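Engineer: For reference, the structure I am asking about is given below.
Taken together, the values in this text are just the output of simple stated rules run on the coordinates, not laboratory data. Quantities reported herein were computed from a predicted structural model and do not represent experimental measurements. Cβ atoms come from the backbone with ideal geometry, glycine included; neighbour counts cover every protein chain shown.
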Amino acid sequence: QVQLVESGGGLVQAGGSLRLSCTVSGSRFSINNMGWYRQAPGKQCELVAAIPSGGSANYADSVKGRFTISRDNAKNTWYLQMNSLKPEDTAVYYCKSRLLGVEYWGQGTQVTVSS
């Protein structure tokens with residue numbers, strides 16, 4: 001059973017940084033695509049950053065220049081480095097990947113940015 005487990009959320013002051021991790025387990029195949037999403041209270045879930053299969057990283061306009069998506073193949077872990085955080089970045093963040101036509105989501109991690 002493929003599982004995505006996130007960690008790294010927390011409370012940070014505006015201007016600070018956090019790094020989210022998404023560790024993939026249970027897959028015999030290499031995960032070559034990943035998306036980070038977020039959902040704030042009362043708002044729709046939005047794509048923040050992604051690396052599609054065979055593609056390059058892309059970012060929502062609201063986070064360009066501040067967030068970076070990356071991976072460590074040896075650890076089967078994907079990261080979302082978030083710098084210069086703003087209160088409007090407050091949300092539950094999820095990682096999501098697709099493998100053999102099936103979508104897998106992490107459990108979510110809360111990021112709260114205080115002003």
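Engineer: In nm, what is the difference between 0.36 nm times the number of residues separating Ser115 and Asn76 and their Cα-Cα distance?
Structural biologist: This chain segment gains 10.6 nm when fully extended.
Engineer: If the cut-off is a Cα-Cα distance under 17 Å, which aspartates and glutamates reach Lys75, setting aside same-chain residues fewer than 8 apart in sequence?
Structural biologist: Hits, sequence-local ones excluded: Glu6.
Engineer: Which Cys in the chain stand alone, with every other cysteine's Cβ at 4.7 Å or more from theirs?
Structural biologist: Cysteines lacking a close Cβ partner in the chain: Cys45.
Engineer: OK, next. Gaussian network model of the chain, Cα springs within a sub-10 Å range: biggest mean-square fluctuation belongs to which of Pro52, Pro87, Pro41?
Structural biologist: Pro41
Engineer: If you consider only alpha-carbon coordinates, what radius of gyration and Dmax does the chain have, in Å?
Structural biologist: Both quantities, over Cα of the chain: 13.5, 43 Å.
Engineer: Sequence neighbours fewer than 8 away in the same chain don't count; with that in mind, list the aspartates and glutamates whose C-alpha is under 17 Å from Lys86.
Structural biologist: In chain and number order, the partners are Glu46, Asp61.
Engineer: Mind listing the Cα extents of segment 1-55 along all three principal axes, in Å, largest one first?
Structural biologist: The Cα atoms of segment 1-55 stretch 39, 22, 20 Å along their principal axes.
Engineer: Let me spell out the model: positive unit charges on the Cβ of Lys and Arg, negative unit charges on the Cβ of Asp and Glu, origin at the Cα centre of segment 66-115. What dipole size does that give, in debye rounded to 20?
Structural biologist: 120 debye
Engineer: Evaluate the relative contact order of segment 9-107 (contact order divided by residue number), counting alpha-carbon pairs under 8 angstrom at least 6 apart; express in whole percent.
Structural biologist: After rounding, I find 34 percent.
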